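Read the structure below first, then the notes.
The values are calculated or read from the model by the stated rules, or taken from the named source; none is laboratory data. Being a predicted model, the structure only gives us computed values, none of them experimental. Quick reminder, even Gly has a Cβ in these numbers, built from the backbone with ideal geometry, and neighbours come from all protein chains shown.
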Amino acid sequence: MRTIKYHHEPVWINSMDKDVMFTATSMPDKDWWSVLWPDPATVLRLIGIEKDMDVVDLCCGDGYFTKPICELVYPGKTWALDLDFSLLREAEKHCECYSNFYPILGDARELSKQIGEPVDCVFMANTFHGIPDKIKFSQSVNCSLKYGGLFVVINWHYRDREKTTVLNQPRGPDTELRLQPEEVSAVVEPGGFILDKVIDVGPYHYAAIFIKNAK
């Protein structure tokens, strides 16, 4: 075990091997990412994130969505988890003025071990496609949520990569890695969820919103 001393409280984590990073989930260049997502706060409102919620930004990267989550949910807590130390430090810099921000360096597949209390929402953008065992992963997310809590998965639409262009270049994961909403449901619902709805959240993305099944 080791501790990363952030500006809030120390967060104890297991040592992680960089080799377990998910397929095709590296953080994109900031220039086109901000063009693709010019207003992340609006996206977050659309999927149901609001004041007083406790939210995990899972595989948070450099905190592009984490900062508006902190703003929207305050005084609710925002947990930001990522396996990449340098990216998590970037997220910390973006969110350093928010007292409700809690960074965790760790493996997303061990989420239920990383936070000490159930949350209202687990938010995951653009990385679900790279998870090797999606049903097991969904079960771990389920254990981290309150009953009735939300698991929100934002994915690229299943389109040819050559047709998803930003700043005149193809962007996003390879075509064969992209998932249809029904494919996401097939591996999330067995983890203890029911699909609430699927909505478009940009020119190339959809959000699949799942609710933790209380049964």
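A few remarks follow.
- Selection within the stretch 63-87 - in contact with a strand residue (DSSP E or B) (Cβ under 8 Å, 6 or more places away or on another chain) and either touching a residue at least 60 places away in the same chain (Cβ under 8 Å) or over 17 Å from Ala125 (Cα atoms) (or both): Phe65, Val73, Gly76, Lys77, Leu83, Phe85
- Tally of residues being at pLDDT 95 or above, part of a helix (DSSP H, G or I) and farther than 24 Å from Gln139 by Cβ across the stretch 67-87: 6
- Any hit, the stretch 189-197, residues being at pLDDT 95 or above, touching a Pro at 6+ places or on another chain (Cβ under 8 Å) and in a loop (DSSP other than H, G, I, E, B): no
- Residues being under 15 Å from Asn126 (Cα atoms) and either touching a residue at least 40 places away in the same chain (Cβ under 8 Å) or among the basic types (Lys, Arg) (or both) - total across the stretch 173-198: 6
- Matching option when the condition is within 16 Å of Phe210 (Cβ to Cβ) and at pLDDT below 95, among Ile49, Ile135, Ile131: Ile131
- Filtered residue count, the stretch 110-163, keeping only those that are surrounded by fewer than 17 Cβ atoms within 10 Å (Cβ to Cβ), charged (D, E, K, R) and assigned to a strand (DSSP E or B): 1
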